[in-house]
Amino acid sequence: MMPALWFFVTLGLYAASDMLFRATGRKPWLHPVLLPVIVLAFVMSLPGVKLVDYQHGTATLHHLLMAAVAALALPLYRNAAAIRQEAMAVSVALVAGSISGVGSALAVAFWLKAPATVAASLANKSITTPLAITVAQAIGGIPALAAAVVIVTGLVAAIIGPPFLKRLGVDDDLTAGLALGTAGHALGMAEAASRSDLMGAAAAFAMAANGLATAFILPLLWSMTG
Amino acid sequence: MKHHPEHQPEDAAEKASVVQSVLGVGFFLGLVEVVDWGVRRYGLNLPAPVLAMALLTLGLAFQKRVPATLSAGAGLLFRLFPLFFIPPLVAIVAVMDVVVRSWAALLFAVSISTFVGLAVTALVFRGLRKAQAGRGEGTP
């Protein structure tokens, strides 16, 4: 298959999946990312199909993802006043959410006797992929696994995050956005941006602040604990 | 093909909106490329898109307005945001051997910690907000 065709296959699968998602009343388990990923991952495991061809063919989507992250400056600017107004509560909640997320992931990994490289790859689970790869390299993790963990974490947060937060009684966009951006980085932020401008802005701020703070602090903490 | 005259202004507005969206997306793509070049040039250990987002936020705050082109471009990108995550998720097949070997640790660590992270962030923020509001009400 020509690499360029993978772009159209991905686009077609996404369009069909998105239509199904909307037609069924936005059921979380029919999230439009889920079905194309399952189909394409299965196809990639077939003999003669090369992942590298798929990656070449869909490089445009990678560039557009980077552009979309930069575009989050707009909701961030438009809603800066709402975030600034609650600066103290926002900062403390971000630190608490970040530490508890990383801490619980490591606790489970050590309890289940996961190898040190897997634990180091899990430590980056809530920060955006480019940062996670850099930090994983710095603390002895496996960069490819770190990237996979980050993406799956984001998918879990995007799918279960909104209904879970609703069950917790969270009914305002600022709180939901902060939680989705802190726990689910870019994919959580994408979900938030699709729901409201304020939710997207809060998630963008949380993702950037959590990612940058983790990138600076985690390598230091990791080297101190040996 | 016949054109209804009453549809012409709508068609023109739609075309202008499409052009603005495409130009806006082009701007964001260019911005990330320029920032990426700067990151490589100066050996900064930061992701170019996050840095581009921070710089653009500062730029907008300085300019005190959002150009319509950027607004249209961002709108288009946000509508398609989930689509852009499909290739990195498919790439997980490249590390499938490690995933299969440590599946239990990965599954439980990722799911439990995501619930914990979501709940702690939301509940701490809500608690502090309530406490601040309470203090505000108590202030004479």
Any hit, segment A:16-38, residues being facing chain B (nearest Cβ under 8 Å), hydrophobic (A, V, I, L, M, F, W, C), surrounded by 20 or more Cβ atoms within 10 Å (Cβ to Cβ) and in a helix (DSSP H, G or I): yes
Filter pass, residue A:99 being assigned by TED's automatic domain parsing to the domain that holds residue A:213, of a type in the set (A, V, I, L, M) and in a helix (DSSP H, G or I): yes
Unique residue being of a type in the set (Gly, Ala, Ser), surrounded by 15 or more Cβ atoms within 10 Å (Cβ to Cβ) and assigned to a loop (DSSP other than H, G, I, E, B) when the list is A:114, A:67, A:109: A:114
Segment B:32-77: number of residues that are among the hydroxyl-bearing types (Ser, Thr, Tyr), at the interface with chain A (Cβ under 8 Å from one of its Cβ atoms) and touching a residue at least 12 places away in the same chain (Cβ under 8 Å): 1
Residue that is most open to solvent (accessible area, probe 1.4 Å) [pool: residues in segment B:37-58 that are on the phi < 0 side of the Ramachandran plot and not in a helix (DSSP H, G or I)]: B:42
Filter result for residue A:175 (assigned by TED's automatic domain parsing to the domain that holds residue A:214, over 17 Å from the mean Cα position of the chain (by Cα) and open to solvent by 20 Å² or more (accessible area, probe 1.4 Å)): no
Residue match in segment A:202-218 (condition: hydrophobic (A, V, I, L, M, F, W, C), in contact with a Ser or Thr (Cβ under 7 Å, 6 or more places away or on another chain), surrounded by 24 or more Cβ atoms within 10 Å (Cβ to Cβ) and more than 19 Å from residue B:123 (Cα to Cα)): no
Hey, residue B:29 within 11 Å of chain A (Cβ to nearest Cβ), over 17 Å from residue B:79 (Cβ atoms) and open to solvent by 40 Å² or more (accessible area, probe 1.4 Å) or not: no
All positions within segment A:22-50 that are at pLDDT 90 or above and either in contact with a His (Cβ under 7 Å, 6 or more places away or on another chain) or among the aromatic types (Phe, Trp, Tyr) (or both): A:42
Close pairs (9 angstrom Cβ cut-off, 6 or more residues apart or separate chains): in contact (Cβ under 8 Å) with a residue 60 or more places away in the chain and more than 7 Å from chain B (Cβ to nearest Cβ) in segment A:89-116, open to solvent by less than 40 Å² (accessible area, probe 1.4 Å) and of a type in the set (Lys, Arg) anywhere: A:102/A:125
Helices (runs of 4 or more DSSP H) contained entirely in segment B:59-140, each with at least 3 residues that are over 19 Å from the mean Cα position of the chain (by Cα) and buried (at least 18 other Cβ atoms within 10 Å of the Cβ): B:103-138
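The values are calculated or read from the model by the stated rules, or taken from the named source; none is laboratory data. Bear in mind the structure is a predicted one, so any value in this text is a computation, not a measurement. Glycine gets a Cβ as well: all are built from the backbone with ideal geometry, and neighbour counts include every protein chain shown. Note: areas computed on protein heavy atoms with side chains; ligands, DNA, RNA excluded. Shrake-Rupley method; radii C 1.70, N 1.55, O 1.52, S 1.80 Å.
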